[in-house]
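Peer 1: If you scroll down you'll find the structure; I have some questions about it.
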Amino acid sequence: MPEKKIYKIQGMHCANCALTIEKNLSKLDDVKTANVNYATEKATVEFKSKENDKQILKTIKNSGYKADPIKTEEQATARVEMGEVKKERNLFILSLVLAVPVVILSMVMRDMSMTSKVIQALLAGVIQFYVGWRFYKGAYYAIKNKTANMDTLIALGTSAAFFYSIATTFFISGDVFYETSALLITFVMLGKWLEARAKGQTGEAIKKLLGLQAKTALVERSGKEMEIPIKEVKVGDVVIVKPGEKIPVDGKVISGQSTVDESMISGESIPVEKKEGDQAVGATLNKTGSFKFKAEKIGKDTVLAQIVKVVEEAQSKKAPIQKFADKVSAYFVPTVLGIAVITFVLWMTVGGAEFVDALLIFTAVLVIACPCALGLATPTAIMVGTGMGAQNGILIRSGEALEIANKVNAVVFDKTGTITKGLPEVTDVKGDVLPIAASLEKRSEHPLAEAIVREAGHKNIKLAEPEEFEALAGLGVKGKIEGQHIIIGTKKLLSRFNIKLDAEQEKLKNKFESEGKTVVLIAIEKNIAGLIAIADTIKESSPGAVARLKQMGIRTIMITGDNLATAEAIAKQVNIDQVLAEVMPEDKAKEISKLQKEGDVVAMVGDGINDAPALASADLGIAMGAGTDIAIETGDIVLIKNDLQDVAKAIQLSRMTMAKIKQNMFWALFYNSVGIPIAALGLLRAEFAGLAMALSSVSVVTNSLLLKRKKLK
């Protein structure tokens, strides 16, 4: 299986930077796929065989950027981001302190003496070549990579104003415009600082999750209690948890009892009781009692680590809608350069403008059109959306899954364990068949078989050992006990062996099925000896979940291997629109395909194991997570709480996130569509064009952050 690795990248200033790195990485022989995310400042690289850090880091360096491989979740989050925010703040403050005297001398005092010009040149020069050096460096590497980016536009625009002012200071007569280049870079740095702060907030969900982890653990070793760093806990260690402490790692309770706040993984505020045999989840909070548990999962294998990994990966992957932004960004800068040159020429020729006026308009057009806002439109919203999902027990594996969920118009539910509790109970037994049925069914792993065996256990029935056993998927079982051939299963299975029900048996079977019960038929030596009725109770959340989806305009469908009568009885209890009954496990994917051919965008909801083919074939696979089992590979979305209500919440979250992305893209494109003509007409000073450009990026990120204020219902 190809290896995948994430790298933290420093020095990207716009979406074109990300596209350049992505393009260069994709050319490498060892690289299968490369995905560079401007908002998260990360590159996700999937290798064809073995990873090659050296080659990746060299390629990124040659592209003009610095990169480091990420080894732990902590490296990926707060510390790097806080360092970046502090750096941008300090550069902005330095630029502002130097720019203020330039503005006072040039615009307030209007002092154009040689002394004043030299002072302005020195101050603006520090801003231009120290604070603004990044733009020259970025422009150089852009030319080297045969492309153009935000750095190209800013370097050209500020250089035009600065070097013209140098010329008029020392070589030719004319006004100086040091304040233009100085303020332009200052405003851009203000935008970069605010953008870095806002981008940091989009990743708060992961930071909060990581902050939940305990730092130490109290363990028993060699008969002694000792407190050790959490990294030193080993699988098999006996861990002691006292009242008010965080559970350090995952494991199974071996003694004691307590209540634990598991809202971190379930979103539920009501504490859960823990006793011997129950699972303890790392980073959850112990409340009242004290207990011991045996460590089973540590480090990257804990539930918390898996949650962080899923969210990290989702935030690093691009949604399909991002391709539109990438295409626009790729052509945007060269187009703007062309527009700026044409504008300059037209003002000099047709407009009859002075050289300096045409130059300043040229600068304004260059600067106002930087495509940063467009590059941030999609990834920032996805970061906030996936983070919100994780905090609500909804793990979204990718931006693509988030986008597809927005289009879903049909949801298919598996019955057993999804709509129902998945713990069926025997309700009726007709004929003396329970001992022989339980004896054969004890070899089966089917939920109905387990119900029969449990019922025999409750009645203290001694079970025989099968001489032969064969499971027939979706139909039942057959075997041999004490020399007798036994067949247990559906009417369809018995008909294969030409075994038929008499009128009374048929009537009884229909009665049970009309009550929503599943009927298991038992044949001994090709004669029906009796039947067992089993009922699987509906989950409390199922009717409400179906009703919520209907309110959202989504069609609901139930798919099951049960016969039609039983399936319809269950469907009636939850008010589902359509029933697909008597569907073999291997045929569920075919039924999904039929719906897709009819034009539906289908989400399949199942347990992620038995329903793997159907989950994979659906447009969107939603796996029920069963509390701590979040490592389900078949689901595009995993519902940790195992609550059907979260199906609607996941789709609602997708709709809200996609709405934000579309708003962001509209405003980014609208801003450029309006801003470029205004600048080209000479109605906007270059320095204020820089401020407008910077604030457009901040506004997009801020709009994404507003998503956090919305509640999932």
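Peer 1: What number of residues within the stretch 341-378 satisfy the criterion of being assigned to a helix (DSSP H, G or I), open to solvent by less than 10 Å² (accessible area, probe 1.4 Å) and either in contact with a strand residue (DSSP E or B) (Cβ under 9 Å, 6 or more places away or on another chain) or in contact (Cβ under 8 Å) with a residue 60 or more places away in the chain (or both)? Spell out how you get there, then give the answer.
Peer 2: Pass one, the stretch 341-378, residues assigned to a helix (DSSP H, G or I): 341-349, 355-368, 372-378.
Among the residues that remain, those that are also open to solvent by less than 10 Å² (accessible area, probe 1.4 Å) are: 358, 363-368, 372-378.
Okay, now just the ones that are also either in contact with a strand residue (DSSP E or B) (Cβ under 9 Å, 6 or more places away or on another chain) or in contact (Cβ under 8 Å) with a residue 60 or more places away in the chain (or both), so 363-368, 372-378.
Residues flagged as assigned to a helix (DSSP H, G or I), open to solvent by less than 10 Å² (accessible area, probe 1.4 Å) and either in contact with a strand residue (DSSP E or B) (Cβ under 9 Å, 6 or more places away or on another chain) or in contact (Cβ under 8 Å) with a residue 60 or more places away in the chain (or both) within the stretch 341-378 amount to 13.
Peer 1: Criterion first (acidic (D, E) and either in contact (Cβ under 8 Å) with a residue 24 or more places away in the chain or in a helix (DSSP H, G or I) (or both)) does E450 satisfy it? I'd like the intermediate steps shown before the answer.
Peer 2: On the way: acidic (D, E): yes; either in contact (Cβ under 8 Å) with a residue 24 or more places away in the chain or in a helix (DSSP H, G or I) (or both): yes.
It is true that E450 is acidic (D, E) and either in contact (Cβ under 8 Å) with a residue 24 or more places away in the chain or in a helix (DSSP H, G or I) (or both).
Peer 1: What number goes with the only condition from (1) out of contact with any Asp or Glu (no Cβ under 7 Å at 6 or more places or on another chain); (2) open to solvent by less than 60 Å² (accessible area, probe 1.4 Å) that T518 does not pass?
Peer 2: (1)
Quick grid of which residues meet (1) more than 23 Å from the chain's Cα centre (by Cα); (2) of a type outside the set (A, V, I, L, M, F, W, C); (3) open to solvent by less than 20 Å² (accessible area, probe 1.4 Å):
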| site | (1), (2), (3) |
| --- | --- |
| N642 | no, yes, no |
| M658 | no, no, yes |
| Y671 | yes, yes, no |
| G675 | yes, yes, yes |
| L683 | yes, no, no |
| A694 | yes, no, yes |
| S699 | no, yes, no |
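Peer 1: Inside the stretch 531-558, can you point out the residues that are of a type in the set (G, A, S), open to solvent by 10 Å² or more (accessible area, probe 1.4 Å) and in contact with a strand residue (DSSP E or B) (Cβ under 7 Å, 6 or more places away or on another chain)?
Peer 2: First pass over the stretch 531-558, keeping only residues of a type in the set (G, A, S): 533, 535, 541-542, 544-545, 547, 553.
Applying the additional criterion that residues be open to solvent by 10 Å² or more (accessible area, probe 1.4 Å) yields 535, 541, 544, 547, 553.
Across the stretch 531-558, the qualifying residue is only A535.
Peer 1: Working carefully through the options L440, L494, find the one that is in contact with a Pro (Cβ under 7 Å, 6 or more places away or on another chain) and buried (at least 21 other Cβ atoms within 10 Å of the Cβ). Break it down stepwise before answering.
Peer 2: Details: L494 fails: in contact with a Pro (Cβ under 7 Å, 6 or more places away or on another chain).
Only one candidate qualifies: L440.
Peer 1: For residues that are free of Cβ contacts under 8 Å to residues at least 24 places away in the same chain and part of a helix (DSSP H, G or I), scanning just the stretch 143-158, find the one that is most open to solvent (accessible area, probe 1.4 Å).
Peer 2: Filtering the stretch 143-158 for residues free of Cβ contacts under 8 Å to residues at least 24 places away in the same chain gives 143, 146, 155.
Subsequent filtering for residues that are part of a helix (DSSP H, G or I) retains 143, 155.
Working: I143: 123, A155: 9 Å².
Step by step, filter the stretch 143-158, then rank; the result is I143.
Peer 1: Taking Y130 as the residue in question, decide whether it is open to solvent by 30 Å² or more (accessible area, probe 1.4 Å) and modelled with pLDDT under 95. Steps first, answer last, please.
Peer 2: Working: open to solvent by 30 Å² or more (accessible area, probe 1.4 Å): yes; modelled with pLDDT under 95: no.
So Y130 fails the test.
Peer 1: Hey, among the residues in the stretch 669-700 that are among the aliphatic types (A, V, I, L, M) and modelled with pLDDT of 85 or more, which one's nearest to I127 (Cα to Cα)? Outline the logic, then answer.
Peer 2: Keep residues of the stretch 669-700 that are among the aliphatic types (A, V, I, L, M), which gives 669, 674, 676, 678-681, 683-684, 686, 689, 691-695, 698, 700.
Right, trim to modelled with pLDDT of 85 or more and you get 674, 676, 678-681, 683, 700.
On the way: V674: 29, I676: 26, I678: 27, A679: 24, A680: 26, L681: 28, L683: 26, V700: 27 Å.
Taking the candidates together, the pick is A679.
Peer 1: Criterion first (out of contact with any Gly (no Cβ under 8 Å at 6 or more places or on another chain), open to solvent by 10 Å² or more (accessible area, probe 1.4 Å) and at pLDDT below 90) does G431 satisfy it? If you could, list the steps in order and put the result at the bottom.
Peer 2: Numbers: out of contact with any Gly (no Cβ under 8 Å at 6 or more places or on another chain): no; open to solvent by 10 Å² or more (accessible area, probe 1.4 Å): yes; at pLDDT below 90: yes.
Taking the combined requirement at face value, the residue does not satisfy it.
Peer 1: Determine which single condition G282 fails, assuming it passes every other condition in (1) part of a loop (DSSP other than H, G, I, E, B); (2) at pLDDT 85 or above; (3) open to solvent by 40 Å² or more (accessible area, probe 1.4 Å); (4) not β-branched (V, I, T).
Peer 2: Against the list (1) part of a loop (DSSP other than H, G, I, E, B); (2) at pLDDT 85 or above; (3) open to solvent by 40 Å² or more (accessible area, probe 1.4 Å); (4) not β-branched (V, I, T), G282 comes up short only on (3).
Peer 1: Within the stretch 460-491, which residues are modelled with pLDDT of 90 or more and touching a helix residue (DSSP H, G or I) at 6+ places or on another chain (Cβ under 7 Å)?
Peer 2: Of everything in the stretch 460-491, those that are modelled with pLDDT of 90 or more and touching a helix residue (DSSP H, G or I) at 6+ places or on another chain (Cβ under 7 Å) turn out to be I461, L463, A464, P466, F469, V477, G479, I481, I486, I487, I488.
Peer 1: Inside the stretch 379-416, can you point out the residues that are part of a helix (DSSP H, G or I) and open to solvent by 20 Å² or more (accessible area, probe 1.4 Å)?
Peer 2: Of all residues in the stretch 379-416, those part of a helix (DSSP H, G or I) come to 379-391, 399-405, 415-416.
If the condition is that a residue be part of a helix (DSSP H, G or I) and open to solvent by 20 Å² or more (accessible area, probe 1.4 Å), then Q391, E400, I404, T416 are the ones that fit.
Peer 1: I would also like to ask the following. Residues F171, F162: which one is surrounded by 24 or more Cβ atoms within 10 Å (Cβ to Cβ) and free of Cβ contacts under 8 Å to residues at least 40 places away in the same chain?
Peer 2: Values: F171 fails: surrounded by 24 or more Cβ atoms within 10 Å (Cβ to Cβ).
Selected residue: F162, the only one of F171, F162 that is surrounded by 24 or more Cβ atoms within 10 Å (Cβ to Cβ) and free of Cβ contacts under 8 Å to residues at least 40 places away in the same chain.
Peer 1: Only one residue in K462, K478 is basic (K, R) and surrounded by 14 or more Cβ atoms within 10 Å (Cβ to Cβ), so which one is that?
Peer 2: Working: K462 fails: surrounded by 14 or more Cβ atoms within 10 Å (Cβ to Cβ).
The match here is K478.
Peer 1: Within the stretch 425-441, work out how many residues are out of contact with any Leu (no Cβ under 6 Å at 6 or more places or on another chain) and not in a helix (DSSP H, G or I).
Peer 2: First, pick out the residues of the stretch 425-441 that are out of contact with any Leu (no Cβ under 6 Å at 6 or more places or on another chain): 425-429, 431-437, 440-441.
Imposing the further condition that a residue be not in a helix (DSSP H, G or I) reduces the set to 425-429, 431-433.
Of the residues in that region, 8 qualify.
Peer 1: Report the residue count in the stretch 520-545 for those that are closer than 16 Å to M624 by Cβ, in contact with a helix residue (DSSP H, G or I) (Cβ under 9 Å, 6 or more places away or on another chain) and either among the basic types (K, R) or free of Cβ contacts under 8 Å to residues at least 60 places away in the same chain (or both).
Peer 2: Residues meeting the conditions: 1.
Peer 1: Among the residues of the stretch 326-340, is there at least one that is more than 29 Å from the chain's Cα centre (by Cα), open to solvent by less than 10 Å² (accessible area, probe 1.4 Å), farther than 15 Å from P248 by Cα and among the small types (G, A, S)?
Peer 2: Filtering the stretch 326-340 down to residues more than 29 Å from the chain's Cα centre (by Cα) leaves 333-340.
Next, only the ones that are open to solvent by less than 10 Å² (accessible area, probe 1.4 Å) stay: 333, 336, 340.
Among the residues that remain, those that are also farther than 15 Å from P248 by Cα are: 333, 336, 340.
Checking which are among the small types (G, A, S) leaves us with 340.
Checked against the condition, which is being more than 29 Å from the chain's Cα centre (by Cα), open to solvent by less than 10 Å² (accessible area, probe 1.4 Å), farther than 15 Å from P248 by Cα and among the small types (G, A, S), the stretch 326-340 yields at least one hit.
The values are calculated or read from the model by the stated rules, or taken from the named source; none is laboratory data. For clarity, every value in this text was computed on a predicted model and none was experimentally measured. As a convention, Cβ positions derive from the backbone with ideal geometry for all residues, glycine included, and neighbour counts pool all protein chains shown. Ligands, DNA and RNA are stripped out before the accessible areas are found, and what is left, the full protein with its side chains, is counted by its heavy atoms. Shrake-Rupley method; radii C 1.70, N 1.55, O 1.52, S 1.80 Å.
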